[in-house]
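The values are calculated or read from the model by the stated rules, or taken from the named source; none is laboratory data. For clarity, every value in this text was computed on a predicted model and none was experimentally measured. Neighbour counts run over all protein chains shown; Cβ positions are idealised from the backbone, glycine included. Note: accessible area is taken over every heavy atom of the protein model, side chains too, but ligands, DNA and RNA are not part of it. Shrake-Rupley method; radii C 1.70, N 1.55, O 1.52, S 1.80 Å.
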Amino acid sequence: MDFELPAELTQRLADLDDFIEREIRPLEQQDDNERFFDHRREWARTDFEHGGVPRADWEELLGEMFRRADAAGWLRYGLPAAVGGSGGTNLDMAVIREHLAHRGLGLHNDLQNESSVVGNFPFVHMLMEFGSDAQRAEFLEPMITRTARLGFGLSEPDHGSDATWMETTAVRDGGDWVINGVKRWNSGMHSATHDVVFARTSGADGDARGITAFFVPTDTPGFSVDFHWWTLNMPTDHAEVTLRDVRVPDTAVFGEEGQGLAVAQTFVHENRIRQAASGVGAGQYCIDRSVDYARERHTFGAPLATRQAIQWPLVELATEAEMLRGLVRKTAWELDRVPHAQISDRVSMCNYRANRFVCDAADRAMQVHGGLGYSRHTPFEHIYRHHRRYRITEGAEEIQMRKVAAYLFGFAGPDKVR
């Protein structure tokens, strides 16, 4: 066994750092753009008068970052060559995500809206696998270049993780579908041109089959963005959406009729492993900053670093970081080699443990830094607020543990995929 990263990947990280220092850091520092990264001034990003959504000038800055990253060949790195990408592997992307998060906060890899110089693009993978030729032509390139924006409407007021019980319905009417229902935590609706809406079209409550995904233009009559939910991490892009007799043509069906959850599950393993890798990187950043501070800070005539009360919690976290890093990279490496269903439980292990780890690391960094750590003059509360949501979203940690238990006790597995 050889646990060294491939030489070309190590060089790629160095090239990425060079690009960030040449192109992105100067952009972050010019024209008072640093106001967006001053955690004391969260209002710089947030339009409090219009639902708490991102301000236009903040999104314009992100757009310029994306353009520079795309021109340099980084933005699409993890995408297939068919859409201008480099076909980056799951291992590549996991290592890159960890590396970017370990650099700390900045325009190169922002937490609030998951923007990054190396894009994730789950919708691209969905479209390439399930979209029609017309849908791919309409959305693929515009979505990457941000001239078309897609929302994601799966969760509902009474149904989150239990999506098979959703109450939104779509009924055939001639060559159209008529959709009625309410969506909650509908992401991206402050700027979406279309929303991917999931609705039951057949079957009974609790059936995985019978749910269909639809592309719904946000200006369709009966489609209403009612308000945005204010979240622990602001600005928000999670809306409450109501659909009242929303009519879309049959060509709006995304994937096969009744197989919408297959669309929703696309990219779930890659997304969860990359999220876990980011958690490892951000957690390591918190540990490193805490160690440096403990060496420099003197109390009662000695450095904090000499105190076991400071040492041992950080030792525990450093040990967990090493274990998680190994599991995340091994699992990502396996995702490049075996059918994903074979190791779905290990992806869930990585995800829920890494999400919990980074929250613990950020919390401990606040404690080590004392009053300064609790302030917004240090980045730890921002890191905590961001990563805390991942213990709920993208599959709550209880759902991840349920997956592990299903494999462990033989209720699910490669031969029993539900």
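Average the reciprocal distances over every distinct pair of alpha-carbons in the range 87-142, invert the result, and give the Kirkwood radius in Å.
12.9
Give me the accessible area per residue for the range 236-279, probe 1.4 Å, as a whole number in Å².
34
So what is the calculated 222 nm ellipticity per residue for the chain, using -39500 (n - 2.57) for each DSSP H run with n of 4 or more, over all residues, to the nearest 500 deg cm²/dmol?
Rounded to the nearest 500, it is -14000 deg cm²/dmol.
If I take R0 = 30 Å and measure r between the Cβ atoms of Asp57 and Arg136 in this structure, what FRET efficiency does the formula 1/(1 + (r/R0)^6) give, to the nearest 0.05?
With R0 = 30 Å, the Cβ-Cβ based efficiency is 0.40.
What would the Debye equation give as log₁₀ I(q)/I(0) for the chain at q = 0.07, 0.10 Å⁻¹, counting only Cα atoms as equal point scatterers?
Rounded to two decimals, the profile gives -0.35, -0.72.
Each residue of the range 140-155 in turn: what ³J(HN,Hα) in whole Hz from Karplus with 6.51, -1.76, 1.60 and θ = phi - 60°, glycine and Pro shown as x?
My calculation for the range 140-155 gives 4, 5, x, 5, 5, 8, 6, 8, 10, 10, 10, x, 9, x, 10, 5 Hz in order.
Take the Cα of Ser86, step 7 Å along the line toward its Cβ, and report every residue of the range 11-54 whose backbone nitrogen sits under 20 Å from that point.
Answer for the range 11-54: 11-26.
Just to compare against my own numbers: the Cα pair-distance distribution for the range 118-162, 5 Å bins, whole % per bin, please.
Percent of Cα pairs in each bin: 5, 19, 25, 20, 12, 12, 7, 0.
Decide, for the range 365-418, between rounded, prolate and oblate: order the square roots of the alpha carbon gyration tensor eigenvalues as a ≥ b ≥ c, take rounded if a/c falls under 1.5, and otherwise choose prolate if a/b is larger than b/c, else oblate.
Judged from the Cα gyration tensor, the range 365-418 comes out prolate (a/c at least 1.5, a/b above b/c).
Provide the packing ranking of 120-128, 217-225, i.e. peptides ordered by the mean count of other C-beta atoms within 10 Å per residue, highest first.
Averaged packing, sorted descending, gives the order 120-128, 217-225.
Quick one: what are the phi-derived ³J(HN,Hα) couplings along the range 388-395, Karplus 6.51/-1.76/1.60 with θ = phi - 60°, whole Hz, x for glycine and proline?
Using θ = phi - 60°, the values come out as 4, 5, 6, 6, 10, 7, 6, x Hz.
Once the mean 1/r over all distinct Cα pairs of the range 36-77 is inverted, what Kirkwood radius in angstroms do you read off?
11.5
In terms of modelled amide H atoms, which long-range or inter-chain residues lie less than 5 Å from the amide H of Leu79?
When sequence neighbours closer than 5 places are left aside, the close amide H contacts are Ser86, Gly87, Gly88.
For the range 180-322, what is the convex hull (Cα atoms) projected area averaged across all directions, in square nanometres?
Directional mean of the projected Cα hull area for the range 180-322 stands at 12.8 nm².
Taking N as the number of residues in the range 287-358, what is its Cα Rg relative to 2.2 N^0.38 Å?
1.55
Taking the Cα centre of each part, how many Å lie between the range 180-257 and the range 314-381?
One Cα centre to the other: 32 Å.
Cα axis of helix 308-335 to longest principal axis of the chain: angle in degrees, 0 to 90, nearest 10?
With both axes taken from Cα atoms, the answer is about 40 degrees.
Report the label-to-label distance for His50 and Glu296 in nanometres (one decimal), using points 7 Å from each Cα along the Cα→Cβ vector.
3.9
For Val246, enumerate residues with amide H under 5 Å from its amide H, sequence gap 5+ or separate chain, H modeled in the peptide plane.
Ile179
Which shape class, rounded, prolate or oblate, goes with the range 196-273 when its Cα gyration tensor gives a ≥ b ≥ c as root eigenvalues, a/c under 1.5 marks rounded, and past that a/b bigger than b/c marks prolate?
Oblate.
Could you give the angle, 0 to 90 degrees to the nearest 10, between helix 90-102's Cα long axis and the longest principal axis of the Cα atoms of the chain?
Computed tilt is about 50 degrees.
Can you give me the distance in nm between label points at Met128 and Asp38, each placed 7 Å from the Cα along the Cα-to-Cβ direction?
4.2
Which of the three applies to the range 235-388, rounded, prolate or oblate, going by the alpha-carbon gyration tensor with a ≥ b ≥ c and a/c under 1.5 meaning rounded?
Since a/c reaches 1.5 but b/c is at least a/b, the shape of the range 235-388 is classed as oblate.
Suppose we keep just the alpha-carbon trace of the range 131-259; what are its Rg and Dmax in angstrom?
14.2, 44
Can you give the convex hull volume per residue for the Cα atoms of the range 47-127, as a whole number of Å³?
Here the figure is 105 Å³ per residue.
Note down the nm distance, to one decimal, between modelled labels 7 Å out along Cα→Cβ at Thr251 and at Val171.
Placing both labels 7 Å beyond Cα along the Cβ direction yields 2.6 nm.
Would you mind getting me the FRET efficiency between Leu372 and Arg25? Use the beta-carbon distance for r and R0 = 22 Å, nearest 0.05.
After rounding to 0.05, the efficiency reads 0.35.
For the range 32-43, take each phi angle, set θ = phi - 60°, evaluate the Karplus expression 6.51 cos²θ - 1.76 cosθ + 1.60, and give the result in whole Hz per residue in order, putting x for glycine and proline.
Per-residue couplings from phi come out as 6, 5, 5, 4, 6, 10, 8, 5, 6, 10, 4, 5 Hz.
Considering just Cα atoms, how many Å³ per residue does the convex hull of the range 1-149 enclose?
Taking the convex hull of the Cα positions in the range 1-149, it is 134 Å³ per residue.
So if we plug the beta-carbon distance of Met234 and Met1 into 1/(1 + (r/R0)^6) with R0 = 56 Å, what FRET efficiency do we get, rounded to 0.05?
Calculated transfer efficiency: 0.80.
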